[in-house]
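A.B. asks: There's a structure below that I have some questions on.
The values are calculated or read from the model by the stated rules, or taken from the named source; none is laboratory data. It should be emphasised that the depicted structure is a prediction, and the values quoted were computed from it without experimental measurement. When we count neighbours, we look across all protein chains shown, and the Cβ atoms used for this are built from the backbone with ideal geometry, even at glycine. The accessibility values were calculated without ligands, DNA or RNA, using every heavy atom of the protein model including side chains. Shrake-Rupley method; radii C 1.70, N 1.55, O 1.52, S 1.80 Å.
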Amino acid sequence: MPLPKPELYPPFNIIRLSHVTFDVTDLAASRAFYVDTLGLQVTDETADTIWLRAMEERGHHCIVLRRAAQAATEALSFKLFDEDDLDRCAAWFTARGKPVTWVERAFQGRTLRTEDCHGIPLEFYHRMDRLPPIHQKYALYRGVKPLRIDHFNCFSPNVDESVAFYAAFGFRVTEYTEDEASGHLWAAWMHRKGGVHDMAFTNGRGPRLHHVAFWVPTPLNIIDLLDLMATTGYVSNIERGPGRHGISNAFFLYIRDPDGNRVEIYCSDYQTVDPDLEPIRWDLKDPQRQTLWGAPAPRSWFEEGSLFTGVTPRAAELDATPIVAP
């Protein structure tokens, strides 16, 4: 199927992805993973919730960890350009029959909660508390030295529908794979902030969160993290990599947190700010799209993902199998 045309004048203006909220079953274990191992900074915490940011971020948080009986992803959140965009966003989702509610979120202004075409819970806001810069406080750097949150990737039961939905409010496709036999999309990478993606969709049982990614300065940070994880009890949490993607050209590592949520550590993709940039097409059967060096991804990477709160995933409509490791 043809890709949707870019909507260069969207109905509301999303600047970038902002943060993810995880319900976690062991808050202390999650804190040890995200703070002591990855190196995210605690900006506030209570007995039941921890707010974290990465080293370059001025907003109060890029990840929220909440104590819960069951692990789940509560919401994916995006920052809008101004307060009026919140009202335009609410009108757009309401016109398409999506539930729209205004919710209270700590350290944020007005926050809109809704869902996408397949039920992924989305939240939008304009104002978040600002914090002093810490990017030159080098004594605070530890773990993988994460600089900022980079993107979300979600399993979608119909990637064509997901791409069309997000394209309608301004997301632009940078790279994609499609099934040769049917012509349907198998995966797509879409951006707002000028990198390869803020949001990506992968064919599979969904909607589920495939991973959240954090940007790091160099591939050497990833090597340092691997050494740290291998000697501090986290060797079994290493799932895939290190390697370089064909798609995005990024150097990567995939790891799993204590609840099984997949986290990508990521660097070295490229700029995509030109509005007339043509998307790059990849053949689904080309193993170099997964890893430029040719090694296929493990089966878990295509099958396992995190549930969204209150959302029941369904089987993928496209029956197409990529090359996977045995």
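A.B. asks: Would you check which residues across region 96-114 are in a strand (DSSP E or B), closer than 18 Å to residue 22 by Cβ and not polar (S, T, N, Q) and list them?
C.D. replies: From region 96-114, those in a strand (DSSP E or B) are 101-103, 108, 111-114; that's our starting set.
Pick out the ones that are also closer than 18 Å to residue 22 by Cβ and you get 103, 108, 111, 113.
Hits for region 96-114 are 103, 113.
A.B. asks: Something else now. Taking the options 269, 286, 319, name whichever one is more than 23 Å from residue 181 (Cβ to Cβ) and of a type in the set (Asp, Glu).
C.D. replies: Details: 286 fails: more than 23 Å from residue 181 (Cβ to Cβ); 319 fails: more than 23 Å from residue 181 (Cβ to Cβ).
None of the others qualify; the one that does is 269.
A.B. asks: Oh, and also: Identify all residues within region 79-95 that are touching a Lys or Arg at 6+ places or on another chain (Cβ under 7 Å) and either in a strand (DSSP E or B) or free of Cβ contacts under 8 Å to residues at least 12 places away in the same chain (or both); write none if there are none.
C.D. replies: Listed by number, the list holds a single entry, 79.
A.B. asks: Still on this structure, please answer the following. Can residue 135 be described as within 21 Å of the chain's Cα centre (by Cα) and open to solvent by 20 Å² or more (accessible area, probe 1.4 Å)?
C.D. replies: Values: within 21 Å of the chain's Cα centre (by Cα): no; open to solvent by 20 Å² or more (accessible area, probe 1.4 Å): yes.
Taking the combined requirement at face value, the residue does not satisfy it.
A.B. asks: Does residue 180 meet the test of being under 18 Å from residue 3 (Cβ atoms) and in a helix (DSSP H, G or I)?
C.D. replies: Working: under 18 Å from residue 3 (Cβ atoms): yes; in a helix (DSSP H, G or I): no.
No; evaluated as a whole, the condition is false for this residue.
A.B. asks: If you don't mind, there's one more thing I want to ask. Going by the conditions given, is residue 207 closer than 15 Å to residue 56 by Cβ, under 18 Å from the mean Cα position of the chain (by Cα) and either open to solvent by less than 10 Å² (accessible area, probe 1.4 Å) or at pLDDT below 95 (or both)? Walk me through how you get there before you give the answer.
C.D. replies: Details: closer than 15 Å to residue 56 by Cβ: no; under 18 Å from the mean Cα position of the chain (by Cα): yes; either open to solvent by less than 10 Å² (accessible area, probe 1.4 Å) or at pLDDT below 95 (or both): yes.
When the stated conditions are applied, residue 207 does not pass them.
A.B. asks: Can you go through 97, 119, 170, 143 and tell me which one is on the phi > 0 side of the Ramachandran plot and surrounded by 19 or more Cβ atoms within 10 Å (Cβ to Cβ)?
C.D. replies: Numbers: 97 fails: surrounded by 19 or more Cβ atoms within 10 Å (Cβ to Cβ); 119 fails: surrounded by 19 or more Cβ atoms within 10 Å (Cβ to Cβ); 170 fails: surrounded by 19 or more Cβ atoms within 10 Å (Cβ to Cβ).
It is 143.
A.B. asks: Let me ask something else about it. Which numbered condition trips up residue 155, out of (1) touching a residue at least 12 places away in the same chain (Cβ under 8 Å); (2) within 29 Å of residue 259 (Cα to Cα); (3) among the hydrophobic types (A, V, I, L, M, F, W, C); (4) not in a strand (DSSP E or B)?
C.D. replies: Of the numbered conditions (1) touching a residue at least 12 places away in the same chain (Cβ under 8 Å); (2) within 29 Å of residue 259 (Cα to Cα); (3) among the hydrophobic types (A, V, I, L, M, F, W, C); (4) not in a strand (DSSP E or B), the odd one out for residue 155 is (4).
A.B. asks: Looking at the structure I just gave you, is residue 282 assigned to a strand (DSSP E or B) and either in contact with a strand residue (DSSP E or B) (Cβ under 9 Å, 6 or more places away or on another chain) or among the aliphatic types (A, V, I, L, M) (or both)?
C.D. replies: Details: assigned to a strand (DSSP E or B): yes; either in contact with a strand residue (DSSP E or B) (Cβ under 9 Å, 6 or more places away or on another chain) or among the aliphatic types (A, V, I, L, M) (or both): yes.
Criteria met by residue 282.
A.B. asks: Could you count how many residues in region 48-74 are among the hydrophobic types (A, V, I, L, M, F, W, C), free of Cβ contacts under 8 Å to residues at least 60 places away in the same chain and within 19 Å of residue 108 (Cβ to Cβ)? Walk me through it before giving the result.
C.D. replies: The first filter runs over region 48-74 and keeps only residues among the hydrophobic types (A, V, I, L, M, F, W, C), leaving 50-52, 54-55, 62-65, 68-69, 71-72.
Of the ones still in play, those that are also free of Cβ contacts under 8 Å to residues at least 60 places away in the same chain are 50-52, 64-65, 68-69.
Then drop every residue that is not within 19 Å of residue 108 (Cβ to Cβ), which leaves 50-52, 64-65.
Total meeting the criteria: 5.
A.B. asks: Moving on to the next point. Please determine whether any residue of region 38-54 is assigned to a loop (DSSP other than H, G, I, E, B), within 30 Å of residue 165 (Cβ to Cβ) and under 20 Å from the mean Cα position of the chain (by Cα).
C.D. replies: yes
A.B. asks: Give the residues of region 172-198 that are over 19 Å from residue 302 (Cβ atoms), over 14 Å from the mean Cα position of the chain (by Cα) and not basic (Lys, Arg), sorted by residue number.
C.D. replies: Pass one, region 172-198, residues over 19 Å from residue 302 (Cβ atoms): 172-174, 183, 190-196, 198.
Retained after the next criterion (residues that are over 14 Å from the mean Cα position of the chain (by Cα)): 172-174, 183, 194.
Answer for region 172-198, where residues must be over 19 Å from residue 302 (Cβ atoms), over 14 Å from the mean Cα position of the chain (by Cα) and not basic (Lys, Arg): 173, 174, 183, 194.
A.B. asks: Further question: Looking only at region 221-263, which residues are assigned to a strand (DSSP E or B), open to solvent by 20 Å² or more (accessible area, probe 1.4 Å) and out of contact with any Cys (no Cβ under 6 Å at 6 or more places or on another chain)?
C.D. replies: Of the residues in region 221-263, the ones assigned to a strand (DSSP E or B) are 238-244, 251-256, 262-263.
Applying the additional criterion that residues be open to solvent by 20 Å² or more (accessible area, probe 1.4 Å) yields 238-239, 241-242, 244, 251, 256.
Listed by number, the residues that qualify are 238, 239, 241, 242, 244, 256.
A.B. asks: To continue, here is another question. Here is a list of conditions, (1) open to solvent by less than 50 Å² (accessible area, probe 1.4 Å); (2) over 28 Å from residue 138 (Cβ atoms), and residue 9 meets all of them except one; can you say which number that is?
C.D. replies: Unmet condition: (1).
A.B. asks: Go through the residues of region 197-210 one by one and say whether even a single one is aliphatic (A, V, I, L, M) and in a loop (DSSP other than H, G, I, E, B).
C.D. replies: So the first thing to find is which residues in region 197-210 are aliphatic (A, V, I, L, M), and the list is 199-200, 209.
Narrowing the set further to residues that are in a loop (DSSP other than H, G, I, E, B) leaves none.
No, region 197-210 has no match at all.
A.B. asks: Mind listing whichever residues of region 125-159 are more than 21 Å from residue 173 (Cβ to Cβ), in contact with a strand residue (DSSP E or B) (Cβ under 6 Å, 6 or more places away or on another chain) and among the aromatic types (Phe, Trp, Tyr)?
C.D. replies: Hit for region 125-159 is 125, nothing else.
A.B. asks: Also, I was wondering about something else. Only one residue in 283, 269, 276 is open to solvent by 20 Å² or more (accessible area, probe 1.4 Å), modelled with pLDDT under 95, among the acidic types (Asp, Glu) and in contact with a Gly (Cβ under 6 Å, 6 or more places away or on another chain), so which one is that?
C.D. replies: On the way: 283 fails: in contact with a Gly (Cβ under 6 Å, 6 or more places away or on another chain); 276 fails: in contact with a Gly (Cβ under 6 Å, 6 or more places away or on another chain).
Matching residue, one of 283, 269, 276: 269.
A.B. asks: Here is a further query. For region 244-289, give me the residue count where each residue is over 24 Å from residue 224 (Cβ atoms) and polar (S, T, N, Q).
C.D. replies: 3
A.B. asks: Enumerate the pairs (first residue in region 1-16 and under 12 Å from residue 170 (Cβ atoms); second residue anywhere and exposed (fewer than 15 other Cβ atoms within 10 Å of the Cβ)) with beta-carbon separation below 7 Å, excluding pairs fewer than 6 apart on the same chain, so at least 6 apart or on different chains.
C.D. replies: Listed pairs, sorted by first residue: 6/275; 8/275; 13/81; 15/81.
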